[in-house]
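The values are calculated or read from the model by the stated rules, or taken from the named source; none is laboratory data. Small disclaimer: the values here were computed from a predicted structure and weren't measured. Here Cβ is always computed from backbone atoms with ideal geometry, including for glycine, and neighbour counts include all displayed protein chains.
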Amino acid sequence: MRGLAEGTCLPVMLTALEHLARIGRAARPAAHLLRDVPARDRRLRSDSAWRGFVQDEKVRTAVRQLLNASGPPA
């Protein structure tokens, strides 16, 4: 997930985020790495054209779900 925290988005990352959100509090270390991602003013995508916008929204939603599921920062 460090790549996503640095702005790199690969197709597999969306699936990884969704699984991490299901894990909940145990995924707190990954969530900590991604805490600043929602505020970034850069599209998170690996695809181009309109698919990039859709992918960005899905990734941002998955990051928010992970942050919520992992609980407050320790």
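Only residues that are surrounded by 15 or more Cβ atoms within 10 Å (Cβ to Cβ) and acidic (Asp, Glu): list them for the stretch 34-74, please.
The answer is ASP56, and nothing else.
Might you let me know whether the stretch 8-26 holds any residue that is touching a residue at least 24 places away in the same chain (Cβ under 8 Å), in a loop (DSSP other than H, G, I, E, B) and of a type in the set (A, V, I, L, M)?
yes
Can you tell me how many residues within the stretch 15-74 are under 15 Å from ALA5 (Cα atoms) and charged (D, E, K, R)?
Going through the stretch 15-74 one residue at a time, the tally reaches 11.
Check the stretch 34-51 and report whether any residue there is in a helix (DSSP H, G or I) and either modelled with pLDDT of 90 or more or touching a Ser or Thr at 6+ places or on another chain (Cβ under 6 Å) (or both).
Yes, because at least one residue in the stretch 34-51 is in a helix (DSSP H, G or I) and either modelled with pLDDT of 90 or more or touching a Ser or Thr at 6+ places or on another chain (Cβ under 6 Å) (or both).
Those residues that are at pLDDT below 85 and crowded, with 18+ Cβ neighbours inside 10 Å, I need them from the stretch 1-33; list them, please.
Those that are at pLDDT below 85 and crowded, with 18+ Cβ neighbours inside 10 Å: MET1, LEU4.
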